[in-house]
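Student: Here it is, the structure, as structure tokens.
No lab work stands behind these numbers, since they all come straight from the coordinates. Here the structure is a predicted model, which is why all the values come from computation and not from measurement. Ideal geometry is used to build each Cβ from the backbone, glycine not excepted, and the neighbour counts take in all protein chains shown.
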């Protein structure tokens, strides 16, 4: 398509590359110089991709410009065809053959050398060299610059003292080395030593298979690893380190930010001074640490050391297995525990604490196994580490404690089925004991509230079953338990009232009879007096 051919018996273009559409792989202009149809050849050809081929000497009257550099001093000879060691190539006519190795077949040597050498120049077949003391010894290799060396097949070395020794490798810049197959090293003293590795920037090293190191002082040493930034290290397979002084040494790990470290397999450390050291652990934020298996630490100075633990917020610690700590300086040390809020502590198995400076759960009852003696849920309301307290707590045995007033808009019911009870015995007479208890009015020291109630010490003297003592030695009264006491006292009192009423009734009956007798006597006395008056008249 669109090609032009002159001369005779041309080779290029004699068979179709693309007859109906444009292709850069097809010849644009060809001058044929073949002898007949069986020996076709070209004197000159230009491809649509810009490549040009001269089949014999090329004489230039003016300047030759290659890669932006002008070559004007060819000693009047320009380029010369050179045949050495059974190979034929092209070399600068001004070059001293003693300073070059044997030319490669079809090679182009546009370099200069200042001392005797049997290796410098375009020694590889179809290789190209340009510059000073450059060497292209690999087949179809290219070396350009000062001291550049391309020894790998189809390798390219450009710059100062750059080396491309791996097949299909590329080294560019100063002191860069690409020794791995299909490797690329670009910049200053970069090294790409394994297959398909890439090193770019300043003193970067990509030594793992398919590894990538970019930036300054970065190292990607494991297979498929990536290190980007400043002095980052990706030493785990499939690891990624980005930022400044980050380290991803675990397989499939990721470290990003400033001085982050991901040593666990599939771990992730992001932010500043974070560390993820166990399998599938994650540390994000500033100075966070996730050292437990599958743990997560987020925020500022948080620590998740328990397996599957989570610490979030500021200075929180989740050390129990499957524990969660959130807020500010909260600690969850019990297995499956949760601490949320400020300075809250959940030290027991499966306990949950919210609020601040809680008392219950701040010291361990049972950290690794279920216990009905441990708190299940606590709301802390303390003011400091030395003045811990709770506004509400529920124990795993079902006990609940409210530290202040309890308001219930509905009914309060309590299980009391006889089928749930054993050793049932009547309280009997309780009135005499109850008379030893005095109701009080008092002021609550904590909040100054005025209350009416009883003193636990008084109740303990007569009904010790109704008084409980906590671990701090504080007493509490089961006010609900006073109801049966009052019922029996009321029954006892009612019995006495009934007895007195019966006595009163009996007395009233006797009094009535006496009154009737008195009336009768009075009546008889009146009659006697009447008779006496009659008799006296007679």
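Student: Pop the C-beta distance of residue 419 and residue 328 into the FRET formula with R0 = 56 Å and round what comes out to the nearest 0.05.
Tutor: Values: r = 49 Å, r/R0 = 0.88.
So, using R0 = 56 Å, E works out to roughly 0.70.
Student: For a label point 7 angstrom out from the Cα of residue 447 toward its Cβ, which stretches of the stretch 366-404 have the backbone nitrogen within less than 16 Å?
Tutor: 379-383, 389-393, 401-404
Student: Report the Stokes-Einstein translational diffusion coefficient (µm² s⁻¹, integer) for the stretch 4-54, Rh taken as the Kirkwood radius over Cα pairs, at 25 °C with viscosity 0.890 mPa s.
Tutor: Working: Rh = 10.9 Å.
Estimated diffusion coefficient is 225 µm²/s.
Student: I've got another one for you. From a point 7 Å beyond the Cα of residue 258 in the direction of its Cβ, which residues of the stretch 289-304 have a backbone N at a distance under 14 Å?
Tutor: none
Student: Calculate the radius of gyration of the Cα atoms of the stretch 394-459 to one decimal place, then report Dmax, the largest Cα-Cα distance, as a whole number, both in Å.
Tutor: My reading of the Cα-based Rg and Dmax gives 16.7, 44 Å.
Student: Which length gain, in nm to one decimal place, applies between residue 432 and residue 457 when the Cα-Cα distance is subtracted from 0.36 nm times their residue separation? Provide the component values of the computation, followed by the final result.
Tutor: Details: separation 25, 0.36 × 25 = 9.00 nm, distance 1.74 nm.
That works out to 7.3 nm of additional length.
Student: Hey, any idea what Rg/Rh is for the stretch 467-522, computing Rh the Kirkwood way over Cα pairs?
Tutor: Values: Rg = 24.3 Å, Rh = 15.5 Å.
For the stretch 467-522, the value is 1.57.
Student: Evaluate the distance, in nm, between pseudo-label points positioned 7 Å from the Cα of residue 475 and of residue 370 along their respective Cα→Cβ axes.
Tutor: That separation, rounded to one decimal, is 3.6 nm.
Student: Using only the alpha carbon atoms of the stretch 177-249, find the Kirkwood hydrodynamic radius as the inverse mean reciprocal pair distance, in angstroms to one decimal. Intermediate results must be reported in sequence, preceding the final value.
Tutor: Numbers: mean 1/r = 0.0941 Å⁻¹.
The Cα-based Kirkwood calculation yields 10.6 Å.
Student: Would you please give the FRET efficiency between residue 533 and residue 500, computed as 1/(1 + (r/R0)^6) with r the Cβ-Cβ distance and R0 = 41 Å, to the nearest 0.05? It would help to have the intermediate numbers written out before the result.
Tutor: Working: r = 49 Å, r/R0 = 1.19.
Rounded to the nearest 0.05, the efficiency is 0.25.
Student: Treating the Cα atoms of the stretch 310-408 as identical point scatterers in vacuum, please give the log10 of the normalised Debye intensity I(q)/I(0) at q = 0.11, 0.14 Å⁻¹, two decimals.
Tutor: Evaluating at q = 0.11, 0.14 Å⁻¹ gives log10 I(q)/I(0) of -0.26, -0.43.
Student: What's the FRET efficiency of residue 132 with residue 286 using the Cβ-Cβ distance as r and R₀ = 51 Å, to the nearest 0.05?
Tutor: Numbers: r = 52 Å, r/R0 = 1.01.
Here the calculated transfer efficiency is 0.50.
Student: In addition: How high is the relative contact order of the chain? Use alpha-carbon pairs under 8 Å, at least six apart in sequence, and give a whole percent. Please report the intermediate quantities before stating the final value.
Tutor: Details: 1554 pairs, mean separation 15.0, N = 538.
Computed over the chain, the figure is 3 percent.
Student: Quick one: plug the Kirkwood hydrodynamic radius of the stretch 431-482 (C-alpha pairs) into Stokes-Einstein at 25 °C, 0.890 mPa s, and report D in µm²/s. Working shown, then result.
Tutor: Working: Rh = 12.0 Å.
Value of D from the Cα-based Kirkwood radius: 205 µm²/s.
Student: Working from Cα positions, state the angle (0 to 90°, nearest 10) between the long axis of helix 482-537 and the longest principal axis of the chain.
Tutor: For helix 482-537, the angle is close to 20 degrees.
Student: Taking the highest mean first, how do the peptides 454-467, 431-444, 173-186 order by number of other beta carbon atoms within 10 angstrom per residue? Don't skip to the answer; put the middle values down first.
Tutor: On the way: 454-467: 15.3, 431-444: 11.8, 173-186: 24.6.
The densest-packed peptide leads the list: 173-186, 454-467, 431-444.
Student: I've got another one for you. Give me the mean projected area, in nm² to one decimal, of the convex hull enclosing the Cα positions of the chain.
Tutor: Numbers: hull surface 221.1 nm².
Averaging across all directions leaves 55.3 nm² for the Cα convex hull.
Student: Which percent, nearest 5, of DSSP beta bridges in the chain are antiparallel?
Tutor: Values: 33 of 160 bridges.
The answer is about 20 percent antiparallel.
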